[in-house]
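Peer 1: Before we start, here is the structure in question, set down as structure tokens.
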Amino acid sequence: MNVIHKYTLAVSSSNLRDDAHHHSTEVLAAAALCRDLGTRLFRVKYAGDATTYPALLEDWRTIVEGKAAVRTWPADVSPRKVARLSLNHWLNDVCPVCTGRGYEAVRGAPTVMSDNVCKACGGTAKRAVEAKHNLIHLVEDMVEVLNAMSAHAAGKTMKRLASEMEL
């Protein structure tokens, strides 16, 4: 079970007991101790914590503005807009046609998947980035940065969990 799955189960649990048989709090504590943007990404995307979104967006804007300056983006490109578009896409990137499964549903049985790859997403289970043609590659690049930040936060969380379990 990966960190994101454990995190999602923990934040949706109605019982956060921590004893010999229940370990839901461990992943929450490990994620909280990482204290970086990645853990806030988890809170907004997987825990549905909308109250964290404004601060997350502001911090993400600062990062994107720095990347825009270093990478010398064209003057007509708004880093704030790219930040908003990329964060919103990352938070809601599931293909609406296959609902994130990557395969077409069987007619008459919407919960059963066929062997046919979803035509809308090409089997990636992710929706395409929606932006103006001059922004699309920049938004896609920033979505990849968000994916990397999330993966880094998950790795740090797993490392903390492993050290606590003495693996």
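The values are calculated or read from the model by the stated rules, or taken from the named source; none is laboratory data. Not measured: the values here are computed from a predicted model. FYI the Cβ positions are ideal-geometry reconstructions off the backbone, even for glycines, and counts take in every protein chain you see. Ligands, DNA and RNA are excluded from the accessible area calculation, which covers all protein heavy atoms including side chains. Shrake-Rupley method; radii C 1.70, N 1.55, O 1.52, S 1.80 Å.
Peer 1: Counting heavy atoms of the protein chains only and a 1.4 Å probe, report the per residue accessible area for the stretch 37-152 as a whole number of Å².
Peer 2: Details: 6580 Å² over 116 residues.
I get 57 Å² per residue for this part.
Peer 1: Once the piece of chain linking residue 159 and residue 75 is laid out straight, how much longer is it, given 0.36 nm per residue of separation minus the C-alpha distance between them?
Peer 2: Net length gain for the segment: 26.1 nm.
Peer 1: For the stretch 39-125, which trypsin sites (Lys or Arg not before Pro) are in a loop by DSSP, counting at most 13 other Cβ atoms within 10 Å?
Peer 2: Those satisfying the criteria are 71, 107, 119.
Peer 1: In sequence order, what are the phi-derived ³J(HN,Hα) couplings for the stretch 148-158 according to the Karplus relation 6.51 cos²θ - 1.76 cosθ + 1.60 with θ = phi - 60°, rounded to whole Hz, with x for glycine and proline?
Peer 2: 5, 5, 5, 5, 5, 5, 5, x, 5, 5, 4
Peer 1: Mind scanning 132/156; 67/119; 45/67; 81/156; 67/132; 67/126 and naming the pairs with a C-alpha gap bigger than 31 Å?
Peer 2: Correct reply: 132/156; 67/119.
Peer 1: Per the 1.4 Å probe, what fraction of the accessible area of the stretch 37-152, in percent, lies on carbon and sulfur atoms?
Peer 2: 55
Peer 1: Which whole-number percent gives the relative contact order of the stretch 37-152, counting Cα pairs below 8 Å spaced six or more residues apart?
Peer 2: About 26 percent, as a whole number.
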